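Just so you know, all these numbers are worked out from the coordinates, no wet-lab data involved. Fair warning: this is a prediction, and the values are worked out from it, not measured in the lab. In this analysis, Cβ positions are derived from the backbone assuming ideal geometry, glycine residues included, and neighbour counts consider all displayed protein chains.
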Amino acid sequence: MNRLDSIVLDFAKQDERVPLTRNCNDFQELHQLNPVHSGILAVYQDSDPVKNMSYQGIVRAIANLESAGYTLQNQFIVLNQWNY
């Protein structure tokens, strides 16, 4: 886990923002260490670039989360599962 990641999450917590990251493992570890935050949105990447989410896919996944009324508070959310 990179110390800079914890600084990013602390900044997001102070401003009540939800970070969007592709650095999933480090942010999941931070979430497990301190699960109190505004939420973390994670996008996993595949070794095959064709399988990776596009920017449009990320926007669609966030819209799907919003329309479902899903609570972000204190959650580590994998956006890949919301891309439909």
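A few notes on this one:
- 3J(HN,Hα) along the stretch 27-43: 6, 5, 5, 4, 4, 5, 6, 8, x, 9, 6, 7, x, 9, 9, 10, 10 Hz, from the Karplus curve 6.51 cos²θ - 1.76 cosθ + 1.60 with θ = phi - 60°, whole Hz, x for Gly and Pro.
- Taking the longest Cα principal axis of the chain as reference, the axis of helix 3-14 is set at about 90 degrees.
- Among the trypsin sites (Lys or Arg not before Pro) found in the stretch 14-84, those both in a DSSP coil and sparsely packed, with 16 or fewer other Cβ atoms within 10 Å of their Cβ, are Arg17, Arg22.
- Residues whose amide H comes within less than 5 Å of that of Gln75, counting only those at least five positions distant or on another chain, are Gly39, Ile40 (H built at 1.01 Å from N in the peptide plane).
- Debye intensity ratio in log₁₀ form over the Cα atoms of the chain, taken at each q of 0.15, 0.22 Å⁻¹: -0.53, -1.06
- Nonlocal amide H pairs with Tyr44, under 5 Å, H built at 1.01 Å: Leu79, Asn80
- Each Lys and Arg contributes +1 and each Asp and Glu -1, all at the Cβ; summed about the Cα centre of the chain, the dipole is approximately 120 debye.
- Over the stretch 1-81, Cα pairs under 8 Å with separation of 6+ residues give a relative contact order of 32 percent.
- Think of the chain as having a plus end and a minus end, set by charges on the Cβ of Lys, Arg, Asp and Glu; of Leu65, Leu20, Val43, Leu65 sits farthest toward the positive end of this dipole.
- When the stretch 3-82 is described by a simple charge dipole with +1 on each Lys and Arg Cβ and -1 on each Asp and Glu Cβ, the residue from Met53, Phe76, Val8 located farthest towards its positive end is Met53.
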